[in-house]
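K.L.:
Take a look at this one; I'll ask things after.
The values are calculated or read from the model by the stated rules, or taken from the named source; none is laboratory data. Given the structure is predicted, the values throughout are model-derived calculations rather than measurements. Reconstructed Cβ throughout: ideal geometry from the backbone, glycine too, with neighbour counts over all protein chains shown. Ligands, DNA and RNA are excluded from the accessible area calculation, which covers all protein heavy atoms including side chains. Shrake-Rupley method; radii C 1.70, N 1.55, O 1.52, S 1.80 Å.
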Amino acid sequence: MTGNQEPSTTALLWHGDHLALLDQRLLPEREVWLTYTDADGVASAIRDMVVRGAPAIGICAAYGLVLAARQAARYDDWRALIQSAARTLAGARPTAVNLSWALQRLQSVLNDADDAREAIRRLDLEARAIHDEDVAANHRMAEHALSIMDHGPFAVLTHCNTGSLATGGYGTALGVIRHLWHQGRLTRVYADETRPWLQGSRLTAWELQQEGIPVTLNTDGAAAQILRRGDVRWVIVGADRITANGDVANKIGTYGLAVLARHHGVRVMVVAPSSTVDRSLSSGDDIPIEERGADELRMIQGLPIAPDGISVYNPVFDVTPADLVDVIVTEQGVTWLQTPSSL
Ligand SMILES: CSC[C@H]1O[C@H](OP(=O)(O)O)[C@H](O)[C@@H]1O
């Protein structure tokens, strides 16, 4: 990879006997690291969004299972205890398939372990491999994406956070954006603030500003006007689950953005590792969509911004149908869903 600089930001650090997580609920004001030594703690961290982002939560679940194995080693029923921890971790969040994918990969390794110490060793190696593979995949996806984009330079718009804070490092959609910048092919990134959890304003704007990448923060509602102006060539987003027909579950608001992009002749690129593809589901209708608490809309940093007790609908993902996605990029390559000439 030429011209890439590893970003200084990272979401997680594995120390063999504990997992350190940057508490993303406190960014950008405060950088606070929390330490986890057991699977229940890691599951809570995922559920409470201390760490978030489909690939990142898969990697954390893998390390969480290693922690479970270390704690179970002293018991005769160590294998059953590890399996129980896997179920707890798998239940932390429903939409991103990376969580179950990572846990299934570790459990297949567990089956080959004859004793608890061997289980710890094998699980640790596999979890580290998943982490390393994710970073390598992000760099490969950036290369694949740039190979099909015109030289530019041009502006792009992105939604939510898909960077080093959402992955093992470098990022998926944000990895493509980083590579565009380092190759001199990017003029500006428009970052949707991404209500209600504000991954865009609190995380993406923070990541990009740290690296001197020109980023402009906009309300989700301003995306239409930005796309109408014509300087944005691509909408580039991540994914939490991609089904066999190319439907894409991603942060709430992605579907509306794809409709806007198609209306304004702007191409939509989805960037996600192959661990995000769930071929067991025939369409996005089958993807479980997480709904989170009402206070995510009613409050901001503890301050009420809506009438007390107001009814709230808070799905935190939506499904963009394949016919609104122009291209899907994974580490294995590029899949055009709309023939380029038709755009
Ligand atoms: C490369 S991260 C993929 C995906 O995860 C984010 O959701 P969340 O912040 O709730 O974990 C968002 O949908 C990203 O696009």
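K.L.:
Can you run the Rg to Rh ratio on the chain? Use alpha carbon positions and the Kirkwood inverse-distance Rh.
P.N.:
Values: Rg = 19.7 Å, Rh = 20.3 Å.
We get a ratio of 0.97 for the chain.
K.L.:
Would you pull out the residues with amide H under 5 Å of Glu331's amide H, same chain only if 5 or more places away, H placed 1.01 Å from N?
P.N.:
Long-range HN contacts for Glu331: Ser274.
K.L.:
Placing unit charges on C-beta atoms (Lys and Arg positive, Asp and Glu negative, everything else neutral), compute the dipole magnitude of the chain about its Cα centre in debye, rounded to 20. Intermediate values should be presented prior to the final figure.
P.N.:
Working: 30 positive and 41 negative charges, 128 e Å.
Value, rounded to 20: 620 debye.
K.L.:
Among rounded, prolate and oblate, which fits the stretch 141-336 when a ≥ b ≥ c are the square roots of the eigenvalues of its C-alpha gyration tensor, a/c under 1.5 means rounded, and a/b larger than b/c means prolate? Provide the component values of the computation, followed by the final result.
P.N.:
Numbers: a/c = 1.64, a/b = 1.22, b/c = 1.35.
In terms of gyration-tensor shape, oblate.
K.L.:
Can you run phi through the Karplus equation (6.51, -1.76, 1.60; θ = phi - 60°) for the stretch 139-152 and list ³J(HN,Hα) in whole Hz, with x for Gly and Pro?
P.N.:
5, 5, 5, 4, 4, 4, 5, 5, 5, 10, 9, 5, 5, x
K.L.:
Another question, if that's okay. What is the packing order of peptides 21-34, 163-176, 262-275, taking the mean over residues of other C-beta atoms within 10 Å and listing the highest first? Intermediate values should be presented prior to the final figure.
P.N.:
Values: 21-34: 15.2, 163-176: 29.2, 262-275: 21.3.
Highest-to-lowest ranking by the protection proxy: 163-176, 262-275, 21-34.
K.L.:
Oh, and also: In the stretch 121-253, what % of DSSP beta bridges are antiparallel (nearest 5)? Show your work: numbers first, answer last.
P.N.:
On the way: 2 of 15 bridges.
The antiparallel fraction comes to roughly 15 percent.
K.L.:
Also: Could you order peptides 238-248, 112-122 by the average number of other Cβ atoms within 10 Å of their residues, highest first?
P.N.:
Working: 238-248: 24.5, 112-122: 15.6.
Descending packing order for the listed peptides: 238-248, 112-122.
K.L.:
Taking all protein chains in place and a 1.4 Å probe, what share, in percent, of the accessible surface of the stretch 141-336 do carbon and sulfur account for?
P.N.:
Details: 3710 of 7370 Å².
Accessible surface attributable to carbon and sulfur in the stretch 141-336 totals 50 percent.
K.L.:
Give, in nm to one decimal, the length gained when the segment between Asp77 and Asp17 is fully stretched (0.36 nm per residue of separation minus the Cα-Cα distance).
P.N.:
Once the chain is fully extended between Asp77 and Asp17, it gains 19.5 nm.
K.L.:
Please give the per residue accessible area of the stretch 141-336, computed with a probe of 1.4 Å over protein heavy atoms only, in Å².
P.N.:
Numbers: 7370 Å² over 196 residues.
Accessible area per residue: 38 Å².
K.L.:
Counting only heavy atoms of the protein chains, get the accessible area per residue of the stretch 12-138 (1.4 Å probe) and round it to a whole Å² value. Please report the intermediate quantities before stating the final value.
P.N.:
On the way: 5270 Å² over 127 residues.
That works out to 42 Å² per residue.
K.L.:
Could you tell me how many degrees, from 0 to 90 and to the nearest 10, lie between the Cα long axis of helix 78-90 and the main elongation axis, the longest principal axis, of the Cα atoms of the chain?
P.N.:
20 degrees
K.L.:
P(r) for the stretch 12-138, please, calculated from all Cα pair distances in 5 Å bins and given in %.
P.N.:
2, 12, 24, 25, 20, 11, 5, 2, 1, 0
K.L.:
Packing-wise, with mean Cβ within 10 Å as the measure, how do 59-67, 143-151 rank, highest first? Display every interim value, and only then the final one.
P.N.:
Working: 59-67: 29.4, 143-151: 14.9.
The packing order, highest mean first, is 59-67, 143-151.
K.L.:
Using 7 Å Cα-to-Cβ label points, what is the Leu26/Gln209 separation (nm, one decimal)?
P.N.:
For Leu26 paired with Gln209, the spin-label model returns 1.8 nm.
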